[in-house]
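> Dropping a structure here in structure tokens format, bear with me for questions.
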Amino acid sequence: MSTTVASNALEMRGITKAFPGVVANNQVDFTVRAGEIHALVGENGAGKTTLMNVLYGLVHQDSGEILIDGKSVRISGPRDAIARGIGMVHQHFMLIPVFTVGENVMLGREPVTGPGFYDRAQARKEIAALTRKYGLSLDADARMGDLPVGLQQRAEIVKVLYRGANILILDEPTGVLTPQESKELFGVLRDLVKTGKTIIFISHKLREVLEISDRITVMRRGKVVGHLTTRDTNQEEIATMMVGREVLLRVDKKPAKAGAVAFKVEDLTANSDRGVPALKGVSFELRQGEILGIAGVEGNGQSELMEVLAGTRRATGGRVLLGDKDVTGFDARTERDAGIAFIPEDRRGTGLVLSFSVAENSILGREKAPTFSWHELVLRLIAIREWARKLVKEFDIRTPSIDTAVRNLSGGNQQKVIVAREMGSQPRVLLAAQPTRGVDIGAIEFIHQRIVAERDHGAAVLLVSAELDEIRSLSDRIAVIYEGRIVSIEPPETPEERLGLLMTGGGSATLPA
């Protein structure tokens, strides 16, 4: 880690920002020392993003003061922030895939020659100088869309450095990286600090926060609730501060008692939305009473796999057996009726109807079931309301009432509505795609407990997650997917370095006979 320097690169004093119905930042004080990596942590809705958007000029504070190098400054927009030496690498990259690295880095500040022509040679020279100075090797002529995610992120960092950033804000920088890419990024960050840069690191991955940061600021419900020195704290203390109570960070589960094969996938093929092969012969078995985790870098076919198994995408070949029944051609409703439940990865796009109430969403996809309708024509409203109240209580869904539109719930409670709906039907097979994406530590703990409970009640659980820690802690076996194929089946204690290598096409495969 970096050596702490006494002077302050940044001070935010008494920052307050309110939106209709919520105070996002309430008298927030935030200080970052020059030459340190400072982690900013908190649950969803804690106010981290709003605070950084104020600093970068995307949002204007209602009150409060910002000081850069001890001098009070006014930041009216990103242009002002950049002029003050502040750069932001967003969670979702701001890059143009068809442009080269050089064109992306220089965009808006291109070196020109003659009558306004882009000076490719000068751009290449300037990028080479930057990457050499900071140890960020990049090919200026490479097409951005052809680069792996780790190098795209590197290009984003070079982009803000090219604009003269001394303070770098990184928002969830490891969210889409493999373990190897994360380690490479941390090496880059440490080298940047050695050259005098200051870094604000926003992350919900507490293990990474402890590995990379010097100090930590914790926010909860719009306020700063603690300042910690990294070397003197631990995950449990940070999590307790974030949530306001003790949180179980490790999944507490007994060894699986795997039973008969519940779900068998044989040589499955399917196309992506663009019509190109996404699944290229996927085969595996899933047993009752076990959790099989699918590990892979996003975009390697796991989304298409879950959609085919849930009946929302057509297979182009192969077959899927539920017990000894071929369900390959079943649609989503028929799959549900057969006992297959599906937690989709996009909760707002496909998991919920945001304008519908909690009660209406609690039966989504099952509204024609005899429990909830007469002859598929008239809804049994009393039964629906009783069902919704039962789920709200059992799954601890925080909502003013079952008539509240789900758009008005927090992300974690929206996710709980989906989890409750799918698990409440006591499925034979549970397909869980990114079940805790974007939810709070407290909700993650709860959802993990419910997934394990489903397994222990005999359900077969197929888990897809971009979080390798989640895959390793929940799974009884891990299937690694790469370029549309299962390349290895691994035990959960497999080191993350090996999993990361397999996820990027390296390592030797271990497949069952």
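No lab work stands behind these numbers, since they all come straight from the coordinates. Please read these numbers as outputs of a predicted model, since none were measured by experiment. Ideal geometry is used to build each Cβ from the backbone, glycine not excepted, and the neighbour counts take in all protein chains shown.
> From the convex hull of the Cα coordinates of region 8-243, what is the mean projected area in square nanometres? Please report the intermediate quantities before stating the final value.
Values: hull surface 53.5 nm².
Over every viewing direction, the Cα hull of region 8-243 projects on average to 13.4 nm².
> Using unit Cβ charges (K, R positive; D, E negative) and no other charged atoms, how large, in debye to the nearest 20, is the dipole of region 368-513 about its Cα centre?
Numbers: 18 positive and 19 negative charges, 154 e Å.
Dipole of region 368-513, to the nearest 20 debye: 740 debye.
> Any chance you could list P(r) for the chain, counting all Cα-Cα pairs in 10 angstrom bins from zero, rounded to whole %?
4, 17, 25, 25, 18, 9, 2, 0
> Among the GluC sites (Glu not before Pro) in region 313-395, which ones are in a DSSP loop with at most 16 other Cβ atoms within 10 Å of the Cβ? Mind listing them? Don't skip to the answer; put the middle values down first.
Values: sites: Glu335, Glu345, Glu360, Glu367, Glu376, Glu386, Glu394; in loops: Glu345, Glu367, Glu376.
Of the GluC sites (Glu not before Pro), the ones in loops of region 313-395 whose Cβ has at most 16 other Cβ atoms within 10 Å are Glu367, Glu376.
> If you don't mind, there's one more thing I want to ask. Could you tell me whether region 357-507 comes out rounded, prolate or oblate from its Cα gyration tensor? Rule is a ≥ b ≥ c as square roots of the eigenvalues, rounded for a/c under 1.5, then prolate if a/b exceeds b/c, otherwise oblate.
Numbers: a/c = 2.67, a/b = 2.04, b/c = 1.31.
Here region 357-507 falls in the prolate category.
> Hey, another quick one. Report relative contact order for the chain in percent, whole number only (criteria: Cα-Cα under 8 Å, sequence separation at least 6).
The value is 14 percent.
> Within straight cross-link reach of Lys368, meaning Cα distance under 15 Å, which aspartates and glutamates are found once same-chain residues fewer than 8 apart are removed?
Result set, ordered by chain and number: Asp331, Glu335, Asp337, Glu360, Glu376.
> Tally Lys and Arg at +1 and Asp and Glu at -1 over the other residues with C-beta under 15 Å from the C-beta of Ser76: what net charge comes out?
Working: positive: Lys17, Arg74, Arg79, Arg84; negative: Asp62, Glu65, Asp80.
Combined, the nearby Lys, Arg, Asp and Glu give +1.
> Can I ask one more? Sort 250-262, 108-120 for me by packing, meaning the mean count of neighbouring Cβ atoms within 10 Å per residue, highest on top. Working shown, then result.
Values: 250-262: 13.9, 108-120: 11.5.
Result, highest mean first: 250-262, 108-120.
> What is region 129-201 by shape, rounded, prolate or oblate, if you read a ≥ b ≥ c off the alpha carbon gyration tensor as root eigenvalues and call it rounded for a/c under 1.5, prolate for a/b larger than b/c, and oblate otherwise? Walk me through the numbers before you get to the answer.
On the way: a/c = 1.62, a/b = 1.14, b/c = 1.42.
Oblate, because a/c is 1.5 or more while a/b does not exceed b/c.
> Whole-Hz ³J(HN,Hα) for each residue in region 231-246, computed from phi via Karplus 6.51 cos²θ - 1.76 cosθ + 1.60 with θ = phi - 60°, x for glycine and proline: what do you get?
5, 9, 10, 8, 4, 4, 5, 5, 4, 4, 5, 5, 9, x, 7, 5
> Could you list which residues have their amide H under 5 Å from that of Val225, counting only those 5 or more apart in sequence or on another chain, with H placed in the peptide plane?
For Val225, whose amide H was placed from the backbone, the distant partners under 5 Å are Val218, Met219, Arg220.
> Step through the residues of region 489-499 one at a time and calculate ³J(HN,Hα) from phi using the Karplus curve (6.51 cos²θ - 1.76 cosθ + 1.60, θ = phi - 60°), rounding each to whole Hz and writing x for Gly and Pro.
Ordered by residue, 3J(HN,Hα) equals 10, 10, x, x, 7, 4, x, 5, 5, 5, 4 Hz.
> Could you work out the helix-only [θ] at 222 nm for the chain, with each DSSP H run of four or more residues adding -39,500 (n - 2.57) and the total divided by the number of residues, to the nearest 500 deg cm²/dmol? Don't skip to the answer; put the middle values down first.
Working: 16 runs with 158 residues, N = 513.
-9000 deg cm²/dmol, from helical runs alone.
> Further question: Radius of gyration and Dmax for region 244-383's Cα atoms, expressed in Å?
Reported Rg and Dmax, both Å: 17.8, 50.
> Students often forget the sequence filter, so: which aspartates and glutamates lie under 12 Å Cα-Cα from Lys253 once same-chain residues fewer than 8 apart are removed?
Within reach: Glu290, Glu454, Asp456, Asp476.
> For the charge dipole of the chain, defined by +1 on Lys and Arg C-beta atoms and -1 on Asp and Glu C-beta atoms about the Cα centroid, which residue among Ala262, Ile397, Ala83 has the Cα displaced farthest towards the positive pole?
Ala83
> In percent, how large is the relative contact order of region 8-243, given Cα pairs closer than 8 Å and 6 or more residues apart? Please report the intermediate quantities before stating the final value.
On the way: 463 pairs, mean separation 65.7, N = 236.
Result for region 8-243 is 28 percent.
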